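A short write-up of the structure that comes next.
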Amino acid sequence: MLPCITDEQGGRISTPARFFSELGNLHDAIILRFEWDPLQWKVSFVLDDLYRNFEGQPEYPGAQSVRLTLRDISEMKIDITPDKFPGRIMDFEVKEEFSDSNMRVLVNIGPTGLVQITCGSIEGCLSWT
């Protein structure tokens, strides 16, 4: 069974490295929007389908748009080509306990691009519209 986002803990993903790994690191999901809020130290990725990697497979539950919010940002590096959006995620890897209680999120975006974020938590919200 594929992992899902619930309202438990306000949508906070308790084991992000395992969660995203079980989702195939969001391979092929389309980034519809990227939002940075420097005053609240957060970044959001709005994706077309949390389960895009499983499309055509028996376990595919159907398209589910999602907003993933990375909170308590302490570092962010962005190297993307803006005219190549909407971008397709090639890999959304989470490395937990990067430093202290933080985690590092590495997002490889096709055709070219990389976003690296060090954050304290990741939350998910389905049906973001």
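The values are calculated or read from the model by the stated rules, or taken from the named source; none is laboratory data. The structure displayed is predicted, hence computed values, not measured ones. Here the Cβ positions follow ideal geometry from the backbone for every residue, glycine too, while neighbour counts run over all protein chains shown. Areas reflect the complete protein model, heavy atoms only, side chains present, ligands, DNA and RNA absent. Shrake-Rupley method; radii C 1.70, N 1.55, O 1.52, S 1.80 Å.
The residue among 29, 54, 14 whose Cα reaches farthest toward the positive pole of the charge dipole of the chain, with charges on the beta-carbon of Lys, Arg, Asp and Glu, is 29.
Rounded to the nearest 20 debye, the dipole size of the chain about its Cα centre is 200 debye, using +1 on the Cβ of Lys and Arg and -1 on the Cβ of Asp and Glu. Here the accessible area is traced with a 1.4 Å probe on the protein chains. For the chain, carbon and sulfur cover 48 percent of it.
So what is the 222 nm mean residue ellipticity for the chain from helices alone, if each DSSP H run of at least 4 adds -39500 (n - 2.57) and you divide by all residues, rounding to the nearest 500 deg cm²/dmol? Walk me through the numbers on the way to the answer.
Values: 1 runs with 7 residues, N = 129.
The helix-only estimate for the chain comes to -1500 deg cm²/dmol at 222 nm.
In square angstrom, what is the accessible area per residue of the chain with a 1.4 angstrom probe?
Computed with neighbouring chains in place, this is 55 Å² per residue.
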